[in-house]
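The values are calculated or read from the model by the stated rules, or taken from the named source; none is laboratory data. Since we're looking at a predicted model, the values are computed, not measured. Because the Cβ atoms are built from the backbone with ideal geometry, glycine has one as well, and the counts that use them run over all protein chains shown.
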Ligand code: NAI
């Protein structure tokens, strides 16, 4: 049963009951329709209270029905709302906790709405590239007015119910602590005989000079929406609430909703929404796997990463101790943390009190005994196996039994690191991205012997510190950096063949990347890649690399931190200025290796960079390093600035069609450095079966 039916005197109470948030799935809709009809048919019932069990009135559409025909199976949400609105007895929505999307649209179909304070009220469909498709764009302006409704529909941002008290959305917002159901029943009894029944659809939206306001909104929203069509469609449909009669407005809304459902942008947003949820599930680690408690943490190394990692714990209210070898490095690290918090306070994003509270949760020490009792320790020392070995031996000796020993290594073999200890089951990789206090991605690296409870704890921790955790197996570079290496290899080959950094960056940024490979390398530090290439040259000398990046590093041009990299930089300015010196060096290098430079199109640049990611991603998937294609997409969306409206590299490849992708890869396999384009067997297999990575 996904709606409960009880009677109190002459009031029927219909309670949506579909945990966790009373999503309006088919069974719930059917049960609600039946319950309303039953109440209507019962002569002893004079009014109906509609509410939600547990944690919500209703969170809206049931995401388990996404992309399934069930969403369109009768009774649809439209039908349910129509049944409520056409009911001959008054229906009172009793709202608490959450009324979002379809949940709010359902409430708007009721004759009355009463609420507790603190309920989150929103129409968030725009965040999935959609618009409210069950009357929300027509009914909300009728109770909140054009301007406020438009803001809510275009932004999707929740507003607490008490802020909407006094509007026609709510007939009453009760004081905190009120027994909602009892108060709603009282209210229902009071209005039981009132006729005609008030209906939101019968209200008019008054807005003098609405044309000018709508035009202004169009202009503003167009400028802010970037590649996404939904926000502007939201403006158009909300505008229809003023310019069209209700039924016509509803029809228009339906039509625009169905149109948006088919757009690649909405498909990409829905994919990413589902991908984020899927990422926290690991098939052999069930949701009820016990987790270890994390009430205190330690970080080893107060460098670039260590400080940012420590901030994550402090932000989540978990005390953290940073261990360093030198007082100077410790002082510097702690000062950077303080500065970061000050900057956030100066931007008005944090109160000085909260910042102080967080800073006070972070302690520094040079004595390893001070971290021994921490529930988790994350190592963020130099990327060198020798250093990792001595640190993990030390941690094994000092940390209390049951503590989780994590490494932030970006490339080193976690299984070897685990083997330095007597407790490999407690060792896990937690790979943060720079700046660690900002970037959403956390690669959770599962070693050969990592305990299931340790992995489950890593996943729970990622939620607690508000990261997107994605599980990766052990390989050089894990998911993200292993793919990035192929992407960068192509970027460097392109320089040899005729492109310049600003052209490559420009083309891929036009495709939608937050930053092209050269601006990104200048930000991260070109020396990191140099170091890795030197190691690779010893480990895998057969892999061909362009020497261009090495030539750059030989000149000490490590990027923003040295004031010069692929681009020139001016003091106090992060803008990248094309560098004549670097461009001359690139052109000369082509001549030195006997290559005639040619004009390279932006389309070729995008294909080579993106398909390099896709091909390596397919290998990673095939090897089981990533659990699912959507995990790879999450890594690229949250850690590497891949354009959200394209849904991640694997989803993008699916949308291009894998046989098209494969044809292009084969074409490049016949060109210079063709060996870098050996098609991934999985790509060949799926393409021949006419399938995609995501099914
Ligand atoms: P860093 O050089 O900025 O900081 C390393 C810190 O560790 C230094 O302050 C050093 O004094 C300290 N340290 C060295 N040995 C120590 C020991 N035995 N005990 C205590 N402290 C010790 O390095 P960074 O960039 O923070 O990198 C740290 C780790 O994070 C590396 O494994 C790196 O691969 C990884 N990483 C780095 C990223 C980046 O963008 N910089 C991104 C993701 C991971």
- Message: Exactly one of these conditions fails for residue 82: (1) without any contact (Cβ under 8 Å) to a residue 40 or more places away in the chain; (2) in a loop (DSSP other than H, G, I, E, B). Give me its number.
- Response: (2)
- Item | Yes/no for residue 485 being at pLDDT 95 or above and either within 14 Å of the ligand (Cβ to nearest atom) or on the phi < 0 side of the Ramachandran plot (or both) | no
- When you look at residue 397, is it more than 10 Å from the ligand (Cβ to nearest atom) and crowded, with 21+ Cβ neighbours inside 10 Å, yes or no? no
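Look at region 309-324 and say how many of its residues are surrounded by 14 or more Cβ atoms within 10 Å (Cβ to Cβ) and not in a helix (DSSP H, G or I). Step through it out loud before you land on a result.
Filtering region 309-324 for residues surrounded by 14 or more Cβ atoms within 10 Å (Cβ to Cβ) gives 309-316, 318-324.
From what is left, the residues that are not in a helix (DSSP H, G or I) are 316, 318-324.
Residues meeting the conditions: 8.
Please verify whether residue 404 is away from the ligand (no atom under 11 Å from the Cβ) and touching a strand residue (DSSP E or B) at 6+ places or on another chain (Cβ under 6 Å), treating the condition exactly as stated.
Yes; evaluated as a whole, the condition is true for this residue.
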- Note on the structure: The condition from (1) under 26 Å from the mean Cα position of the chain (by Cα); (2) within 13 Å of the ligand (Cβ to nearest atom) that residue 428 misses is numbered (2)
- Note on the structure: Selection over region 372-391 where residues are within 10 Å of the ligand (Cβ to nearest atom) and touching a strand residue (DSSP E or B) at 6+ places or on another chain (Cβ under 8 Å) yields a count of 6
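Going by the structure shown, is residue 457 assigned to a loop (DSSP other than H, G, I, E, B) and buried (at least 18 other Cβ atoms within 10 Å of the Cβ)? Walk me through it before giving the result.
Working: assigned to a loop (DSSP other than H, G, I, E, B): no; buried (at least 18 other Cβ atoms within 10 Å of the Cβ): yes.
The answer is no for residue 457.
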- Is there a residue being in contact (Cβ under 8 Å) with a residue 24 or more places away in the chain, closer than 20 Å to residue 589 by Cβ and in contact with a strand residue (DSSP E or B) (Cβ under 9 Å, 6 or more places away or on another chain) anywhere in region 472-493? no
- Expected output for region 509-525 (first residue under 16 Å from residue 556 (Cα atoms) and in the same structural domain as residue 488 (by TED's automatic domain parsing), partner within 14 Å of the ligand (Cβ to nearest atom) and not in a helix (DSSP H, G or I), Cβ below 6 Å, 6+ apart or cross-chain) is 522/559; 525/558; 525/559
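Residue by residue, here is whether (1) assigned to a helix (DSSP H, G or I); (2) assigned by TED's automatic domain parsing to the domain that holds residue 207; (3) modelled with pLDDT of 95 or more; (4) surrounded by fewer than 24 Cβ atoms within 10 Å (Cβ to Cβ) holds:
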| residue | (1), (2), (3), (4) |
| --- | --- |
| 126 | yes, yes, yes, no |
| 132 | no, yes, yes, no |
| 137 | yes, yes, yes, no |
| 150 | yes, yes, yes, no |
| 167 | no, yes, yes, yes |
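Being modelled with pLDDT of 95 or more and under 33 Å from the mean Cα position of the chain (by Cα) narrows it down to one residue among 386, 402; which is it? Lay out the reasoning, then the answer.
Numbers: 386 fails: under 33 Å from the mean Cα position of the chain (by Cα).
Exactly one residue qualifies, and that residue is 402.
Considering only residues that are within 15 Å of residue 105 (Cα to Cα) and surrounded by 21 or more Cβ atoms within 10 Å (Cβ to Cβ), which ones fall in region 238-256?
Of the residues in region 238-256, the ones within 15 Å of residue 105 (Cα to Cα) are 238, 241, 246, 249-250, 253-254.
If the condition is that a residue be within 15 Å of residue 105 (Cα to Cα) and surrounded by 21 or more Cβ atoms within 10 Å (Cβ to Cβ), then 238, 241, 249, 250, 253 are the ones that fit.
Filter region 426-451 for residues that are out of contact with any strand residue (DSSP E or B) (no Cβ under 8 Å at 6 or more places or on another chain) and either surrounded by 21 or more Cβ atoms within 10 Å (Cβ to Cβ) or over 16 Å from residue 637 (Cα atoms) (or both) and give the result.
Pass one, region 426-451, residues out of contact with any strand residue (DSSP E or B) (no Cβ under 8 Å at 6 or more places or on another chain): 434-438, 448, 451.
If the condition is that a residue be out of contact with any strand residue (DSSP E or B) (no Cβ under 8 Å at 6 or more places or on another chain) and either surrounded by 21 or more Cβ atoms within 10 Å (Cβ to Cβ) or over 16 Å from residue 637 (Cα atoms) (or both), then 436, 437, 448, 451 are the ones that fit.
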- Can you name every residue in region 545-563 that is over 18 Å from residue 587 (Cβ atoms), in contact with a helix residue (DSSP H, G or I) (Cβ under 7 Å, 6 or more places away or on another chain) and away from the ligand (no atom under 15 Å from the Cβ)? 545, 553, 556
- Task: Could you list all residues from region 405-422 that are crowded, with 21+ Cβ neighbours inside 10 Å and over 16 Å from residue 443 (Cα atoms)?
- Result: 417, 418
- Query: Is it true that residue 300 is surrounded by 15 or more Cβ atoms within 10 Å (Cβ to Cβ), within 21 Å of residue 425 (Cβ to Cβ) and within 14 Å of the ligand (Cβ to nearest atom)?
  - Reply: yes
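Here is a yes/no grid of residues against (1) assigned by TED's automatic domain parsing to the domain that holds residue 507; (2) buried (at least 22 other Cβ atoms within 10 Å of the Cβ):
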{"position": "583", "(1), (2)": "yes, no"}
{"position": "595", "(1), (2)": "yes, no"}
{"position": "612", "(1), (2)": "yes, yes"}
{"position": "621", "(1), (2)": "yes, yes"}
{"position": "631", "(1), (2)": "no, yes"}
{"position": "635", "(1), (2)": "no, yes"}
{"position": "649", "(1), (2)": "no, yes"}
{"position": "664", "(1), (2)": "yes, no"}
{"position": "680", "(1), (2)": "yes, no"}
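So which of 35, 107, 31, 53 ends up being under 18 Å from residue 140 (Cα atoms) and touching a strand residue (DSSP E or B) at 6+ places or on another chain (Cβ under 7 Å)? I'd like the intermediate steps shown before the answer.
Working: 35 fails: under 18 Å from residue 140 (Cα atoms); 31 fails: under 18 Å from residue 140 (Cα atoms); 53 fails: under 18 Å from residue 140 (Cα atoms).
Answer to the selection: 107.
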- Checklist (1) within 16 Å of the ligand (Cβ to nearest atom); (2) more than 30 Å from residue 626 (Cα to Cα); (3) outside any strand (DSSP E or B) applied to residue 306, failing item: (2)
